Each structure stands twice: as structure tokens, then as C-alpha cells.
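Each remark here refers to the structure printed beneath this line.
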Amino acid sequence: MEKRKQLLCIIGILSFDLLALLYGISTLSISSGEAAIYFGEKSLLYFLSHFGTLIFGQNDFGLRSPFLFFHFLSCILLYILALKYTKTVGDSLLSLLLFLLLPGTVASALLVNEASLVIFIALCILCAYEYEKKFLFYGLLILSLFIDKSFNILFLIFFFFAMYKKDFLLLTFSLFLFVAALNIYGFYTGGRPRGYFLDTLGIFAACFSPLVFFYFFYVLYRLAFQKEKTLLWFVMSVTFLFCSLLSLRQKLYLEDFLPFCVLCTPLLIKTLMQSYRVRLPQFRFGYKIFIQGAVIFLLVFYFLLVANTLLYFVLSNPNRHFASKYHFAKELSQELKLRGITEIKTAPNLQKRLEFYGIKEGDAFFLQNLHSTQKQEANATIITLTFGKHKSKYQIVKNETSF
């Protein structure tokens with residue numbers, strides 16, 4: 001009976017998350033960066049995105065479905081990993097719920113990038129190690145070397161963890177993989193040295209939400225002084241410290257590091273619930289306030305990410321919207337098709353985005369974003385797109401407008 005309740009809870013949580021993410025996908029358009037991946041050189045992301053559109057058609061759901069799929073596989077693995085760390089099944093469910101609500105996790109599920117795949121493979125590796133599946137563990141480590149350069153940091157994590165455990169085989173193996181990854185992918189250290197530490201902290205806070213990031217740092221510091229340290233603590237500490245130290249000199253591509261930080265939710269929940277349970281009810285007030293505040297922040301961030309178009313009703317400048325580059329293209333292509341236009345020429349960053357929705361490049365018509373200070377052509381057809389309280393105008397001119 002308990003297993004049935006447990007299964008129903010997991011299905012309920014994942015079903016709600018699926019519906020929310022599907023709504024989020026319905027509000028997005030392909031970005032210029034995603035279009036460059038889809039129409040660019042053959043890579044792992046290229047094949048994944050094309051596989052999705054082959055199955056579900058060339059639309060936003062097809063484009064993002066492989067990353068959504070890896071997201072839900074990651075949720076299952078995160079729960080399995082949490083069972084090794086937390087004291088009760090309820091705590092494992094809380095670990096899963098926290099993982100789902102983290103802004104970094106939501107973004108990885110919605111966007112075309114390596115993060116969802118990196119999270120999935122990393123969870124496979126962590127589960128294989130924690131459940132003592134050694135052949136699978138070492139096989140996945142080797143496989144990860146050829147998947148993405150992000151796994152550099154995972155090899156470094158296992159190197160320090162092996163030193164702590166005095167595991168010579170793992171130490172040698174992880175060091176070899178780390179050096180091999182550097183030889184394959186390299187590591188950028190050029191440019192003018194500049195400090196980006198505060199920027200890095202800001203991105204970490206956005207990835208976790210402010211209160212959860214504060215608790216992340218607290219757990220990292222608190223467990224540093226305990227004799228027994230877990231693998232997840234090394235995942236947290238090595239990733240965060242490596243990013244922090246390097247950010248003192250140069251700007252980092254934090255999408256290479258943040259996927260490993262969101263894996264730490266079982267350890268955060270374990271530490272929180274241990275601290276909560278050892279206190280008498282009358283001394284839990286501070287913890288209750290913190291938990292309620294963190295939940296409110298997480299729910300607000302989750303809602304704003306999934307229903308981000310509502311921010312256009314609030315923002316005075318639509319260009320300040322954090323997801324503005326993921327909007328407008330789909331709606332614009334629909335308006336063009338309503339006017340019988342399937343070929344048009346426009347700015348390069350918009351051209352490929354429209355091509356994804358079936359609007360090919362052609363010289364018969366020209367499309368231009370009509371700014372408030374720009375003169376409207378006499379023979380132009382105007383398209384007006386409305387997002388919230390903002391309107392974006394485009395003019396279609398036949399054979400005359402030059403770009």
C-alpha cells in the first residue's frame with residue numbers, strides 16, 4: 001500500500017510538472033541561438049532536436065521534446081538517488097519536488113541546450129556509484145567524456161572524492177579522464193583578466209532562487225567541518241569553488257557548471273530535515289519561516305518561468321524581458337501565412353527563426369521591424385503583434401526595402 005501511495009505521489013508531481021512545462025513550451029518561439037543549432041553544423045544537439053521534429057513535426061514541441069524527455073528521466077533518477085540520502089520516502093519526494101521547482105531545472109527542460117542531457121548522464125553516474133554498479137559506473141564515465149565538455153568538472157569532482165576515500169583506481173581513472181577532456185575540448189584562459197565573481201553569485205542565486213542558494217551555501221559550509229562527507233557534498237563544493245575561483249579572473253560559461261549544482265537537492269533536504277526534527281516543536285519557528293519563504297520564492301520563480309509572457313503586462317520596456325529572444329517568431333510566421341506569404345527576406349537573426357516555421361528566404365517580399373522612430377513605407381503592409389501591453393510592428397514591402 002505504501003509503495004502504491006509513493007507511486008501515485010510521483011505520478012501526480014510529474015504530471016503537474018509536465019502540464020506546466022507543456023504550457024511553457026506553447027508560449028515559446030525558437031531563438032536565434034536555437035535556430036543556429038537546428039540549421040547549423042551536425043552536433044549532438046542538432047541530432048536530438050531533429051529527432052524530436054522527426055517524431056512530432058517541425059514545431060516547438062517537437063524541437064524541445066527530447067530535452068523534456070531527459071528532464072523526466074532525470075526526475076526519476078533524482079528520486080532514486082534521494083532514497084540513498086534521505087531518511088524517509090517523504091524526504092525523497094521533497095527532494096524531487098525541490099529539484100522540479102529550481103529555476104535552473106525548469107530552464108534546462110524548456111530550452112535547447114546541453115543542460116538536460118548533462119543532468120541526466122550525471123545522475124546516471126551518481127546512481128551507479130551510490131548503488132555500487134561499478135562496471136556501469138566506469139562505463140558511463142568513459143561515455144561522458146565524448147558527450148560534452150561540461151563533464152570536465154565531474155571528473156574533477158571524482159578526483160577529489162577519490163582522494164578523500166583513498167580510492168586509487170577512481171583517483172587514477174578520473175585524473176586520466178580529466179586530462180583527456182582538456183586535450184579534446186581545451187580550456188579557455190585567454191582574454192583580459194577581469195573579475196566576474198558577483199556575476200557568478202547572481203547567476204547561482206537565479207538558478208536556485210535566493211533563499212535556496214543561501215541554504216546551499218550554508219550546507220556547503222556546515223558539512224565541510226563534518227568528518228564524514230558524501231559524494232553530493234563534493235559535487236556541490238568542487239563545482240561552486242571551482243566556478244568562484246575562476247570567476248575572479250575570467251567570465252565563465254556557467255551552463256557548463258550549473259547542471260551539477262541542481263543535483264544536490266537530496267543533500268539539502270536531508271540536512272534541513274535533520275536540523276528540523278532534532279528540535280522541539282517550540283524551537284522550530286525559524287525553520288518554518290525559512291521553509292515557507294523558500295517555497296514562496298520557488299513557486300513564484302516557477303510560475304514566472306512557465307508563464308513568462310505575463311511579464312509583458314508589467315514591464316515598461318519589452319526588451320528587458322529575460323526571455324524576449326524566445327518570443328514573437330512563431331506568431332510572426334503565423335501572421336505571414338495568413339497573408340499567403342511563405343517566402344520573405346528579413347534580418348539574418350530573424351531569417352532562420354522564421355524558416356523553422358516554414359517561412360523560407362525569398363526576394364519577393366521584405367520584412368522589417370518597424371521601430372517608433374522609423375518611417376513607414378507608403379506601400380507597406382503592417383503586421384502588429386501584441387504581447388501584454390506592448391505592440392511590435394513589422395512592415396512588409398514588395399521588392400523595395402533594403403536592409
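The values are calculated or read from the model by the stated rules, or taken from the named source; none is laboratory data. Worth saying up front: this structure is predicted, and the values here are computed from it rather than measured. Heads up, the Cβs are rebuilt from the backbone with ideal geometry, glycines too, and the neighbour counts pull from every protein chain shown. Note: accessible area is taken over every heavy atom of the protein model, side chains too, but ligands, DNA and RNA are not part of it. Shrake-Rupley method; radii C 1.70, N 1.55, O 1.52, S 1.80 Å.
Assorted remarks:
- Given the chain, longest segment not containing exposed loop GluC sites (Glu not before Pro) (DSSP; at most 15 other Cβ within 10 Å): 229-399
- Only Lys, Arg (+1) and Asp, Glu (-1) charged, at Cβ; the chain dipole about Cα centre in debye: 1060 debye
- Proximal aspartates and glutamates to residue 84, defined as alpha-carbon separation beneath 17 angstrom and excluding residues fewer than eight positions away on the same chain: 130, 132, 228
- Hits among aspartates and glutamates - C-alpha to C-alpha of residue 288 under 20 Å, sequence gap 8 or more where chains match: 91
- Sequence-distant lysines (8 or more away, or on other chains) whose Cα lies within less than 18 Å of residue 325: 352, 389, 391, 393
- Of the accessible area of the chain, computed with a 1.4 Å probe over protein heavy atoms only, carbon and sulfur atoms account for 65 percent.
- For the chain, the solvent-accessible area with a 1.4 angstrom probe is 51 square angstrom per residue.
- Accessible-area order (highest first, 1.4 angstrom probe) of the listed residues 134, 227: 227, 134
- Under 5 Å, built H, 5+ apart or other chain: amide partners of residue 387: 392
- Helical contribution to [θ] at 222 nm, DSSP H n ≥ 4, -39,500 (n - 2.57), averaged over the chain, rounded to 500: -20500 deg cm²/dmol
- Restraint check, 337/375; 229/270; 166/270; 360/398, Cα-Cα greater than 23 Å: 337/375; 166/270
- Each peptide in 75-86, 138-149 receives the mean, over its residues, of other Cβ atoms within 10 Å, and ordering these scores from highest gives 75-86, 138-149.
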